[in-house]
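Structure first, then comments.
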Amino acid sequence: DGSLCLLDEDVVGAGLLVFVGSVIARFGGRIVMVGGLLAMGVAIAAMSLVGAFWQFGLCLFLLALFWACLSTAAITAVLAPRFARRRSLAVGLALNGASFAGLVVVPLMVWILERHGVERGLPMLAAGLLVVLVPVVWIALGPHRPVAPGPGPGASVEPRAGLASIIRTRRFWSVTLPFTLPLMGQVGFLTHQLALLEPRLGVQAAAWAIGATTGAGVIGRTLFGALADRADVRRMTGATFLMQAGCLLLIASQPAPLWLYLACAVYGLGLGNMITMPGVIAYQELPAHEVARAIGLVYGTLQVCYSFGPAILGLIRDATGSYSPALWFSASLITIGAVLLQLTRPREAG
């Protein structure tokens, strides 16, 4: 039952992602993100009072709502129109916040729960997070403004694109398709990373390798975010895909521990690109009248697809008795994505 509930949370989160871009375009990022924070606060506090299974499911629904309102799609929809020239860097730095928060907030949460217990600790966490975050979001984002000025007299107005019409367009799939398979491979690898490294390195050393992957992800997201504003985004992202595929092949060859550490760190340099660049490319290539609605649809589609990655890699591991074929499979998915990035390039982009 718990597994089904968690699966439902993922499905609900993906469904909500489809609409988050258009809701932000209509009401503004401040309203949407504060609403998501309030949903999080209620869910966390309510978990201390859960006494029935349906109550736990309701809390998970509220957490899914919070996640959608502050997801990568929401962050991209809020920041991308504000940073036309340094869009990639702005989005990358914002997403790095989640990585840094994991280093600070998670230990703080554990300390509070150990000191005060669940019944008192969870409401304290909810209150503290809301007191800190709601004013920051409310002040930083400011009042809602239209993304673009209205058309002048006599100018034609593009019709508002519906989700069904967007998903039937080639341009939507030219942004989404190149990232579906690579994200499936990446999420699968990250989910199984500890299990595949532990037999070779031991638990503690494997944890350090995972830390190297995550730390390099922060560096890589910042570095590539800065470069992407001055480079061909598709070509640069494709190059990072090939770099990651090479690292997976190196890990699959079962090299010495030093090479395993190096492969994990270099792989991490491209970690953030797969989740950051779909939104950046969408804002570069999709028409202005449909991009706000399309951005959530892009990330919702990607989430549904990459959620199968861990299961597929696990099945390959179980069928072959080794993680090497699973890593070869992941590397193949990422390589296909690098090729698709170039094959689906818009014609006008050359």
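Segment 209-252 to segment 40-86: how many Å between their Cα centroids?
28
Would you tell me the accessible area of C305, worked out with a 1.4 angstrom probe on the heavy atoms of the protein chains, in Å² to the nearest 10?
40
If packing is taken as the mean number of other Cβ atoms within 10 Å per residue, what is the order of 205-213, 175-183, 44-52, 20-28, highest first?
Packing proxy ranking, top to bottom: 175-183, 20-28, 205-213, 44-52.
Give me the extension gain from L58 to D318: residue separation times 0.36 nm, minus the current Cα-Cα distance, reported in nm with one decimal.
Answer, rounded to one decimal: 90.1 nm.
The values are calculated or read from the model by the stated rules, or taken from the named source; none is laboratory data. Just so it is clear, the model here is predicted, and its values are computed rather than measured. We place every Cβ from the backbone using ideal geometry, glycine too, and count neighbours over all the protein chains shown. These accessible areas exclude ligands, DNA and RNA; they are computed on the full protein's heavy atoms, side chains included. Shrake-Rupley method; radii C 1.70, N 1.55, O 1.52, S 1.80 Å.
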